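Asker: Got a structure for you, questions after.
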Amino acid sequence: MTEAVAFLASPLGPLRLRGTDAGLCAVEFLNEEAAETPSALVPASLREAHRQLRAYFGRELRDFTLTYDVQQGTDFQRRVWTALPGVGFGRTASYLDLARQLGNPAAVRAVGAANGQNPLAIVWPCHRIIGAGGQLTGYAGGLPRKKWLLEFEQPAVQASLF
């Protein structure tokens, strides 16, 4: 299947979306400007990813329901990546938590390495995985983007008069 590319302007800078007719292959942060791609020029999988990411940044969507066509990764990496959506919107988990969930608490570093190779930034929310002490560690998109995403996903604090 031929892979197509679309671009989306986001609060974190432009995103490159790659996909096929079968599903979304990648969501990548760009450090250079890119024009947003008109949705009529891309396959349905990319149009839907584009729509859902816009809804996410517009605070209208918390959980992505996309089809995927991710071909890369070892079996372990794919297990890590597909476990990431289990860490819900506005929540975090440690690398150790994720390693334990996968049945291998000794695989903390391997979980971290798999997170660094996650092809679907934001959609498979590796930004929600933090150090055991609550510290922000490693993020392929850069720690400022990880911090922004975690803050963005926190519920708004309601001001109280009393």
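The values are calculated or read from the model by the stated rules, or taken from the named source; none is laboratory data. In this text, all values refer to a predicted model and were calculated from it rather than measured experimentally. Glycine gets a Cβ as well: all are built from the backbone with ideal geometry, and neighbour counts include every protein chain shown. What goes into the accessible areas is simple: the full protein's heavy atoms, side chains included, and nothing from ligands, DNA or RNA. Shrake-Rupley method; radii C 1.70, N 1.55, O 1.52, S 1.80 Å.
Asker: Kindly evaluate Ile130 against the criterion of being crowded, with 17+ Cβ neighbours inside 10 Å, in contact with a Ser or Thr (Cβ under 6 Å, 6 or more places away or on another chain) and closer than 27 Å to Leu8 by Cβ.
Answerer: Yes.
Asker: Taking the conditions exactly as written (surrounded by 15 or more Cβ atoms within 10 Å (Cβ to Cβ), at negative phi and free of Cβ contacts under 8 Å to residues at least 24 places away in the same chain), does Ala107 satisfy them or not?
Answerer: No, not satisfied.
Asker: Can I ask one more? Tell me yes or no: at least one residue of region 98-105 is touching a helix residue (DSSP H, G or I) at 6+ places or on another chain (Cβ under 8 Å), in a helix (DSSP H, G or I) and under 16 Å from Val27 (Cβ atoms).
Answerer: no
Asker: State the number of residues belonging to region 63-78 that are open to solvent by 20 Å² or more (accessible area, probe 1.4 Å) and within 12 Å of Val123 (Cβ to Cβ).
Answerer: Final tally of qualifying residues: 6.
Asker: A further question on this structure: Can you pull out every residue in region 124-153 that is modelled with pLDDT of 90 or more and touching a Gly at 6+ places or on another chain (Cβ under 7 Å)?
Answerer: Glu153 - this is the single residue of region 124-153 that is modelled with pLDDT of 90 or more and touching a Gly at 6+ places or on another chain (Cβ under 7 Å).
Asker: Still on this structure: I'd like the full set of residues that are out of contact with any helix residue (DSSP H, G or I) (no Cβ under 6 Å at 6 or more places or on another chain) and assigned to a loop (DSSP other than H, G, I, E, B), limited to region 118-137. If you could, list the steps in order and put the result at the bottom.
Answerer: Step one: list which residues in region 118-137 are out of contact with any helix residue (DSSP H, G or I) (no Cβ under 6 Å at 6 or more places or on another chain), which gives 119-123, 128, 130-131, 133-135, 137.
Result: Pro119, Ala121, Ile122, Val123, Gly131, Gly133, Gly134, Gln135, Thr137.
Residues are listed down the side, and each one gets a yes or a no for (1) at pLDDT 95 or above; (2) within 30 Å of Gly133 (Cβ to Cβ); (3) aromatic (Phe, Trp, Tyr):
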{"site": "Val5", "(1), (2), (3)": "no, no, no"}
{"site": "Cys25", "(1), (2), (3)": "yes, no, no"}
{"site": "Glu36", "(1), (2), (3)": "no, no, no"}
{"site": "Arg47", "(1), (2), (3)": "no, no, no"}
{"site": "Phe64", "(1), (2), (3)": "yes, yes, yes"}
{"site": "Tyr68", "(1), (2), (3)": "yes, no, yes"}
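Asker: Go through (1) open to solvent by less than 10 Å² (accessible area, probe 1.4 Å); (2) over 22 Å from Leu150 (Cα atoms) one by one and return the number of the condition Leu84 breaks.
Answerer: (2)
Asker: Follow-up question, since we're still on this one. Quick one: Leu98 ticks every box in (1) in contact (Cβ under 8 Å) with a residue 24 or more places away in the chain; (2) surrounded by fewer than 20 Cβ atoms within 10 Å (Cβ to Cβ); (3) farther than 20 Å from Gly142 by Cβ except a single one, so which number is it?
Answerer: Against the list (1) in contact (Cβ under 8 Å) with a residue 24 or more places away in the chain; (2) surrounded by fewer than 20 Cβ atoms within 10 Å (Cβ to Cβ); (3) farther than 20 Å from Gly142 by Cβ, Leu98 comes up short only on (2).
Per-residue answers, yes or no, for (1) in a loop (DSSP other than H, G, I, E, B); (2) surrounded by 18 or more Cβ atoms within 10 Å (Cβ to Cβ); (3) in the same structural domain as Ile130 (by the TED database); (4) not basic (Lys, Arg):
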residue	(1), (2), (3), (4)
Arg18	no, yes, no, no
Leu46	no, yes, no, yes
Val80	no, yes, yes, yes
Arg91	yes, no, yes, no
